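Asks: Dropping the structure in here first, questions after.
The values are calculated or read from the model by the stated rules, or taken from the named source; none is laboratory data. Just so we're clear, the structure is a prediction, and the values are computed from it rather than from any experiment. Neighbour counts run over all protein chains shown; Cβ positions are idealised from the backbone, glycine included. For the accessible areas, the whole protein counts, side chains as well, though only heavy atoms, and no ligand, DNA or RNA atoms are used. Shrake-Rupley method; radii C 1.70, N 1.55, O 1.52, S 1.80 Å.
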Amino acid sequence: MQKNIYRRNRKTALTAAVITGLLISLAGCVTTDQQAAKVEQSVTLKQQTLTANVFYLQRIALPPGAQVSLILEDVSKMDVAAEVIAKQTITAASAPPYAINLSYNETLIKPQHRYALRAQITLDGQLLFTNTEQVDAFANAGAKPTEILVSQVRHEAKSDGQVSLIDTHWQLSMLGTQAITADITQQHPHLVFTQDDNKVVGFAGCNRFSGRYDVLTNNVSLTELATTKKMCFQQMNLETQFLAALSATDNYKVIDKILTLYSNTGVALGQFTVQEK
(Lines give C-alpha, C1' and ligand atoms only; values in the text may rest on other atoms or scores of the structure.)
Protein backbone atom coordinates (compact mmCIF):
# COMPACT_ATOMS: atom_id res chain seq x y z
CA MET A 1 0.00 0.00 0.00
CA GLN A 2 2.88 2.36 0.84
CA LYS A 3 4.34 1.64 -2.60
CA ASN A 4 1.05 2.66 -4.23
CA ILE A 5 0.98 5.89 -2.23
CA TYR A 6 4.62 6.60 -3.19
CA ARG A 7 3.89 5.98 -6.89
CA ARG A 8 0.80 8.17 -6.74
CA ASN A 9 2.69 11.04 -5.10
CA ARG A 10 5.54 10.72 -7.57
CA LYS A 11 3.14 10.82 -10.53
CA THR A 12 1.43 13.87 -9.11
CA ALA A 13 4.77 15.60 -8.62
CA LEU A 14 5.83 14.85 -12.21
CA THR A 15 2.51 16.13 -13.55
CA ALA A 16 2.88 19.32 -11.55
CA ALA A 17 6.41 19.80 -12.83
CA VAL A 18 5.29 19.37 -16.42
CA ILE A 19 2.42 21.86 -15.98
CA THR A 20 4.74 24.33 -14.29
CA GLY A 21 7.21 24.04 -17.17
CA LEU A 22 4.47 24.62 -19.72
CA LEU A 23 3.23 27.67 -17.84
CA ILE A 24 6.74 29.11 -17.66
CA SER A 25 7.22 28.45 -21.39
CA LEU A 26 3.93 30.13 -22.25
CA ALA A 27 4.81 33.06 -20.04
CA GLY A 28 8.11 33.37 -21.88
CA CYS A 29 6.33 33.39 -25.24
CA VAL A 30 3.95 36.09 -24.07
CA THR A 31 6.85 38.15 -22.80
CA THR A 32 8.73 37.74 -26.10
CA ASP A 33 5.65 38.72 -28.10
CA GLN A 34 5.10 41.74 -25.89
CA GLN A 35 8.71 42.80 -26.30
CA ALA A 36 8.49 42.42 -30.09
CA ALA A 37 5.29 44.47 -30.09
CA LYS A 38 6.95 47.19 -28.03
CA VAL A 39 9.96 47.30 -30.38
CA GLU A 40 7.68 47.52 -33.41
CA GLN A 41 5.64 50.25 -31.74
CA SER A 42 8.83 52.14 -30.87
CA VAL A 43 10.06 51.98 -34.46
CA THR A 44 6.66 53.15 -35.71
CA LEU A 45 6.64 56.07 -33.30
CA LYS A 46 10.06 57.18 -34.56
CA GLN A 47 8.85 57.31 -38.19
CA GLN A 48 7.72 60.81 -39.20
CA THR A 49 6.41 62.13 -42.50
CA LEU A 50 7.10 65.23 -44.57
CA THR A 51 4.75 66.24 -47.38
CA ALA A 52 5.68 68.38 -50.38
CA ASN A 53 4.11 69.57 -53.61
CA VAL A 54 6.62 69.61 -56.47
CA PHE A 55 5.82 71.82 -59.48
CA TYR A 56 7.36 73.68 -62.43
CA LEU A 57 6.20 76.71 -64.43
CA GLN A 58 6.77 75.45 -67.99
CA ARG A 59 3.58 74.70 -69.87
CA ILE A 60 4.69 71.31 -71.04
CA ALA A 61 3.86 67.72 -70.19
CA LEU A 62 6.44 65.32 -68.85
CA PRO A 63 7.35 62.37 -71.08
CA PRO A 64 5.87 58.98 -70.10
CA GLY A 65 7.95 57.26 -67.44
CA ALA A 66 9.28 60.46 -65.85
CA GLN A 67 9.88 60.10 -62.11
CA VAL A 68 9.59 62.68 -59.33
CA SER A 69 11.79 62.30 -56.23
CA LEU A 70 11.78 64.04 -52.85
CA ILE A 71 14.99 63.79 -50.83
CA LEU A 72 15.67 64.77 -47.20
CA GLU A 73 19.32 65.76 -46.72
CA ASP A 74 21.62 66.86 -43.91
CA VAL A 75 23.28 70.00 -45.28
CA SER A 76 25.11 71.04 -42.12
CA LYS A 77 28.64 70.47 -43.38
CA MET A 78 30.18 72.93 -45.80
CA ASP A 79 32.12 71.71 -48.86
CA VAL A 80 30.93 68.17 -48.25
CA ALA A 81 28.28 66.23 -50.15
CA ALA A 82 24.95 66.32 -48.33
CA GLU A 83 24.02 63.20 -46.37
CA VAL A 84 20.80 61.60 -47.61
CA ILE A 85 18.43 60.84 -44.72
CA ALA A 86 15.46 59.57 -46.75
CA LYS A 87 14.18 59.50 -50.33
CA GLN A 88 10.81 58.84 -51.95
CA THR A 89 10.18 58.48 -55.70
CA ILE A 90 6.90 58.38 -57.62
CA THR A 91 6.02 58.12 -61.31
CA ALA A 92 4.54 61.31 -62.75
CA ALA A 93 1.13 60.23 -63.99
CA SER A 94 -0.50 63.64 -64.41
CA ALA A 95 0.23 67.34 -64.57
CA PRO A 96 1.96 69.15 -61.68
CA PRO A 97 1.89 69.70 -58.77
CA TYR A 98 3.10 66.28 -57.63
CA ALA A 99 2.27 65.47 -54.01
CA ILE A 100 4.87 63.29 -52.27
CA ASN A 101 4.87 61.88 -48.73
CA LEU A 102 8.39 61.23 -47.42
CA SER A 103 8.84 59.02 -44.34
CA TYR A 104 12.02 59.35 -42.28
CA ASN A 105 13.42 58.07 -38.97
CA GLU A 106 13.40 60.98 -36.52
CA THR A 107 16.27 59.45 -34.51
CA LEU A 108 18.53 60.38 -37.46
CA ILE A 109 17.69 64.05 -37.01
CA LYS A 110 20.37 65.70 -34.87
CA PRO A 111 19.93 68.94 -32.89
CA GLN A 112 21.76 71.96 -34.28
CA HIS A 113 22.04 70.34 -37.73
CA ARG A 114 20.44 71.85 -40.85
CA TYR A 115 18.16 69.79 -43.08
CA ALA A 116 16.88 70.56 -46.57
CA LEU A 117 14.48 69.07 -49.10
CA ARG A 118 15.64 68.47 -52.65
CA ALA A 119 13.20 67.67 -55.44
CA GLN A 120 14.10 66.36 -58.85
CA ILE A 121 12.43 65.02 -61.96
CA THR A 122 14.29 62.45 -64.05
CA LEU A 123 13.74 60.35 -67.15
CA ASP A 124 15.81 57.20 -67.69
CA GLY A 125 18.40 58.51 -65.26
CA GLN A 126 18.71 61.94 -66.91
CA LEU A 127 17.97 64.94 -64.70
CA LEU A 128 15.23 67.14 -66.20
CA PHE A 129 14.24 69.42 -63.30
CA THR A 130 15.54 70.25 -59.83
CA ASN A 131 15.12 73.05 -57.31
CA THR A 132 17.78 75.78 -57.45
CA GLU A 133 17.00 77.29 -54.05
CA GLN A 134 17.55 75.49 -50.75
CA VAL A 135 14.29 74.47 -49.05
CA ASP A 136 14.26 74.18 -45.24
CA ALA A 137 12.84 70.75 -44.47
CA PHE A 138 11.22 71.77 -41.19
CA ALA A 139 10.33 75.41 -41.86
CA ASN A 140 6.58 74.91 -41.40
CA ALA A 141 6.86 72.09 -38.84
CA GLY A 142 4.69 69.84 -41.00
CA ALA A 143 1.67 72.11 -40.64
CA LYS A 144 1.11 72.11 -44.39
CA PRO A 145 2.81 70.68 -47.51
CA THR A 146 6.04 72.37 -48.55
CA GLU A 147 5.81 73.96 -52.01
CA ILE A 148 8.94 73.23 -54.08
CA LEU A 149 9.51 74.94 -57.43
CA VAL A 150 11.86 73.03 -59.73
CA SER A 151 13.64 74.53 -62.74
CA GLN A 152 14.49 72.88 -66.01
CA VAL A 153 18.04 71.61 -66.42
CA ARG A 154 19.54 72.46 -69.79
CA HIS A 155 21.58 69.84 -71.60
CA GLU A 156 23.94 70.47 -74.47
CA ALA A 157 22.73 69.11 -77.80
CA LYS A 158 24.37 65.84 -78.79
CA SER A 159 26.50 65.92 -81.91
CA ASP A 160 24.68 63.20 -83.83
CA GLY A 161 24.71 64.84 -87.25
CA GLN A 162 21.13 66.09 -86.94
CA VAL A 163 20.20 69.75 -87.33
CA SER A 164 19.30 71.31 -83.99
CA LEU A 165 15.78 72.53 -83.30
CA ILE A 166 17.29 75.59 -81.63
CA ASP A 167 18.80 78.55 -83.51
CA THR A 168 17.95 77.09 -86.94
CA HIS A 169 15.97 79.05 -89.52
CA TRP A 170 12.98 76.80 -90.34
CA GLN A 171 10.93 77.55 -93.47
CA LEU A 172 7.38 76.20 -93.75
CA SER A 173 7.04 73.65 -96.57
CA MET A 174 3.81 71.86 -95.54
CA LEU A 175 0.85 73.05 -93.49
CA GLY A 176 -1.29 70.08 -92.56
CA THR A 177 -1.64 68.24 -95.87
CA GLN A 178 -1.15 71.34 -98.03
CA ALA A 179 2.21 72.00 -99.66
CA ILE A 180 3.35 75.62 -99.31
CA THR A 181 4.66 76.78 -102.67
CA ALA A 182 5.33 80.10 -104.42
CA ASP A 183 1.83 79.88 -105.93
CA ILE A 184 0.31 80.12 -102.47
CA THR A 185 2.52 82.78 -100.91
CA GLN A 186 5.26 85.08 -102.16
CA GLN A 187 7.09 84.93 -98.83
CA HIS A 188 7.14 81.61 -96.97
CA PRO A 189 6.25 81.56 -93.28
CA HIS A 190 9.23 80.67 -91.13
CA LEU A 191 10.34 80.52 -87.51
CA VAL A 192 13.40 80.36 -85.26
CA PHE A 193 13.64 78.94 -81.73
CA THR A 194 16.22 81.14 -79.98
CA GLN A 195 18.60 79.60 -77.46
CA ASP A 196 19.15 82.34 -74.90
CA ASP A 197 15.68 83.51 -73.93
CA ASN A 198 13.33 80.67 -74.96
CA LYS A 199 11.65 82.88 -77.53
CA VAL A 200 10.21 81.78 -80.85
CA VAL A 201 10.14 84.42 -83.58
CA GLY A 202 9.22 84.37 -87.23
CA PHE A 203 6.96 85.38 -90.08
CA ALA A 204 3.41 83.98 -90.28
CA GLY A 205 2.54 84.87 -93.88
CA CYS A 206 1.46 88.47 -93.40
CA ASN A 207 2.70 89.56 -89.99
CA ARG A 208 5.76 88.92 -87.92
CA PHE A 209 5.17 87.05 -84.69
CA SER A 210 6.92 86.21 -81.45
CA GLY A 211 6.17 84.07 -78.42
CA ARG A 212 7.63 81.69 -75.89
CA TYR A 213 8.51 78.04 -76.25
CA ASP A 214 9.29 75.27 -73.76
CA VAL A 215 11.04 72.11 -74.88
CA LEU A 216 11.63 68.87 -72.97
CA THR A 217 13.13 65.89 -74.78
CA ASN A 218 10.83 65.64 -77.86
CA ASN A 219 7.98 67.68 -76.37
CA VAL A 220 7.60 71.34 -77.27
CA SER A 221 4.90 73.91 -76.60
CA LEU A 222 4.51 77.42 -78.03
CA THR A 223 2.66 79.99 -75.94
CA GLU A 224 2.04 83.74 -75.69
CA LEU A 225 2.07 84.11 -79.47
CA ALA A 226 1.61 87.71 -80.60
CA THR A 227 1.74 89.31 -84.07
CA THR A 228 2.02 92.68 -85.67
CA LYS A 229 -1.23 94.19 -87.01
CA LYS A 230 -0.67 94.43 -90.75
CA MET A 231 -3.61 93.46 -93.02
CA CYS A 232 -2.96 91.17 -96.00
CA PHE A 233 -6.20 90.03 -97.62
CA GLN A 234 -4.63 87.22 -99.65
CA GLN A 235 -2.45 85.79 -96.86
CA MET A 236 -4.64 86.10 -93.77
CA ASN A 237 -6.20 82.65 -94.13
CA LEU A 238 -2.76 81.01 -94.36
CA GLU A 239 -1.51 83.03 -91.40
CA THR A 240 -4.49 82.08 -89.25
CA GLN A 241 -4.02 78.37 -89.99
CA PHE A 242 -0.28 78.60 -89.40
CA LEU A 243 -0.62 80.27 -85.98
CA ALA A 244 -3.33 77.79 -84.99
CA ALA A 245 -0.97 74.93 -85.86
CA LEU A 246 1.79 76.44 -83.72
CA SER A 247 -0.56 76.83 -80.77
CA ALA A 248 -1.65 73.19 -81.05
CA THR A 249 1.91 71.82 -81.20
CA ASP A 250 2.81 69.22 -78.58
CA ASN A 251 5.92 67.42 -79.87
CA TYR A 252 8.36 67.39 -82.76
CA LYS A 253 10.88 65.40 -84.79
CA VAL A 254 13.91 66.49 -86.76
CA ILE A 255 14.98 64.01 -89.46
CA ASP A 256 17.30 64.78 -92.37
CA LYS A 257 17.00 68.57 -91.99
CA ILE A 258 13.20 68.38 -91.88
CA LEU A 259 11.29 69.57 -88.81
CA THR A 260 7.78 68.17 -88.26
CA LEU A 261 5.45 69.52 -85.59
CA TYR A 262 2.79 67.18 -84.17
CA SER A 263 -0.35 67.57 -82.08
CA ASN A 264 -0.83 65.61 -78.84
CA THR A 265 -2.73 63.00 -80.86
CA GLY A 266 0.12 62.50 -83.33
CA VAL A 267 -1.32 64.50 -86.23
CA ALA A 268 1.32 66.25 -88.36
CA LEU A 269 0.53 69.97 -88.14
CA GLY A 270 3.36 71.44 -90.16
CA GLN A 271 6.62 70.57 -91.83
CA PHE A 272 9.67 72.81 -92.21
CA THR A 273 12.97 72.66 -94.06
CA VAL A 274 16.23 74.35 -93.18
CA GLN A 275 16.58 77.71 -94.88
CA GLU A 276 20.25 78.13 -95.69
CA LYS A 277 21.69 81.50 -94.84
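Asks: Starting from segment 223-242, keep only residues that are polar (S, T, N, Q), then list their pairs with residues that are open to solvent by 70 Å² or more (accessible area, probe 1.4 Å) whose Cβ atoms are within a distance under 6 Å, requiring at least 6 positions of separation or different chains.
Replies: Close Cβ pairs (under 6 Å, with a partner that is open to solvent by 70 Å² or more (accessible area, probe 1.4 Å)) amount to THR223/ARG59; THR223/ARG212; THR228/ARG208.
Asks: Of all residues in segment 259-277, count the ones that are β-branched (Val, Ile, Thr) and free of Cβ contacts under 8 Å to residues at least 40 places away in the same chain. Walk me through how you get there before you give the answer.
Replies: The initial filter retains those residues of segment 259-277 that are β-branched (Val, Ile, Thr), namely 260, 265, 267, 273-274.
Add one more test, that the residue is free of Cβ contacts under 8 Å to residues at least 40 places away in the same chain, and what stays is 260, 265, 267.
Counting residues in segment 259-277 that are β-branched (Val, Ile, Thr) and free of Cβ contacts under 8 Å to residues at least 40 places away in the same chain gives 3.
Asks: VAL200 fails exactly one of the following numbered conditions: (1) out of contact with any Asp or Glu (no Cβ under 8 Å at 6 or more places or on another chain); (2) outside any strand (DSSP E or B); (3) surrounded by 18 or more Cβ atoms within 10 Å (Cβ to Cβ). What is the number of that condition?
Replies: (2)
Asks: Name the single residue that is nearest to the chain's Cα centre (by Cα) among those in segment 53-67 being open to solvent by less than 30 Å² (accessible area, probe 1.4 Å) and under 12 Å from GLN120 (Cβ atoms).
Replies: Checked segment 53-67; the qualifying residue nearest to the chain's Cα centre (by Cα) is ALA66.
Asks: Got a sec? Which of THR265, THR240, THR223 is open to solvent by less than 70 Å² (accessible area, probe 1.4 Å), of a type in the set (Ser, Thr, Tyr) and either on the phi < 0 side of the Ramachandran plot or under 34 Å from the mean Cα position of the chain (by Cα) (or both)?
Replies: That would be THR223, the only listed residue that is open to solvent by less than 70 Å² (accessible area, probe 1.4 Å), of a type in the set (Ser, Thr, Tyr) and either on the phi < 0 side of the Ramachandran plot or under 34 Å from the mean Cα position of the chain (by Cα) (or both).
Asks: Okay, moving on. Please report, ordered by residue number, the strands (runs of 3 or more DSSP E) entirely within segment 96-190 with at least 3 residues that are open to solvent by 60 Å² or more (accessible area, probe 1.4 Å) and of a type outside the set (Val, Ile, Thr).
Replies: Here the list reads 98-105.
Asks: For segment 68-92, what are the residues that are open to solvent by less than 80 Å² (accessible area, probe 1.4 Å) and of a type outside the set (A, V, I, L, M)?
Replies: SER69, GLU73, ASP74, SER76, GLN88, THR89
Asks: Could you check segment 203-220 and list, in sequence order, the residues that are open to solvent by less than 30 Å² (accessible area, probe 1.4 Å) and either over 29 Å from VAL153 (Cβ atoms) or modelled with pLDDT of 95 or more (or both)?
Replies: PHE203, ALA204, GLY205, CYS206, ASN207, PHE209, GLY211
Asks: Any chance segment 210-221 includes a residue that's more than 19 Å from PRO63 (Cα to Cα) and among the aliphatic types (A, V, I, L, M)?
Replies: Checked segment 210-221: no residue is more than 19 Å from PRO63 (Cα to Cα) and among the aliphatic types (A, V, I, L, M).
Asks: Further, regarding this structure: For THR249, only one of the following conditions fails: (1) surrounded by 15 or more Cβ atoms within 10 Å (Cβ to Cβ); (2) within 23 Å of the chain's Cα centre (by Cα); (3) touching a residue at least 40 places away in the same chain (Cβ under 8 Å). What is its number?
Replies: Failing condition for THR249: (3).
Asks: Next question, about the same structure. State the number of residues belonging to segment 230-277 that are of a type in the set (Phe, Trp, Tyr) and out of contact with any strand residue (DSSP E or B) (no Cβ under 7 Å at 6 or more places or on another chain).
Replies: Going through segment 230-277 one residue at a time, the tally reaches 1.
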